[in-house]
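K.L.:
Quick one: this structure, given as structure tokens, is what I'll be asking you about.
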Amino acid sequence: MGDAFVYVLFCCNHGEDGQPTGIVYSVDLPELGIKLETGWLDRGPVFREERTPERWLVRIGRRRFPIRGYHSWVGNWCWDQATVSSDVASSILGHLVAWGFTLTTSSEPLPLWARDQLKPLLEGSAGAAAR
């Protein structure tokens, strides 16, 4: 599982000037058709890129995740992109679900590692649709 690279886009910059806000509002895995959002425009987990000679990470809330690459202003200036292994992408999804992010877009079939992390949201969506 961990050998594949996944692009994870983070909506973390101010919409008016592209400056970092220090928090993440939305996360998009475009290759997989997955998008998660906080539902708030003024709050979310702390977010920042951290680079030392030994490690390259993104911090989301109190957790740090290893990354393989990072680019600012991808697509437009609101979004930054990290390149991560599928294992790390799975951990990020699980962390965002625990933070209360909601699934706003998903395409099928999802890879097994993504399906496992998104299971509570997918079951909730199916249950809500059935009511």
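Yes or no, residue by residue, for (1) surrounded by 15 or more Cβ atoms within 10 Å (Cβ to Cβ); (2) touching a residue at least 40 places away in the same chain (Cβ under 8 Å):
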{"site": "Val24", "(1), (2)": "yes, no"}
{"site": "Leu29", "(1), (2)": "yes, yes"}
{"site": "Ile34", "(1), (2)": "yes, yes"}
{"site": "Glu37", "(1), (2)": "yes, yes"}
{"site": "Arg43", "(1), (2)": "no, no"}
{"site": "Glu49", "(1), (2)": "yes, no"}
{"site": "Glu54", "(1), (2)": "no, no"}
{"site": "Arg62", "(1), (2)": "no, no"}
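K.L.:
Can you pull out the strands (runs of 3 or more DSSP E) entirely within region 59-114 that have at least 1 residues that are at pLDDT below 90 and within 20 Å of Asn13 (Cβ to Cβ)?
P.N.:
Of the strands (runs of 3 or more DSSP E) lying wholly inside region 59-114, those with at least 1 residues that are at pLDDT below 90 and within 20 Å of Asn13 (Cβ to Cβ) span 102-105.
The values are calculated or read from the model by the stated rules, or taken from the named source; none is laboratory data. Small disclaimer: the values here were computed from a predicted structure and weren't measured. For neighbour counting, all protein chains shown are included, and Cβ atoms are generated from backbone atoms with ideal geometry for every residue, glycine included.
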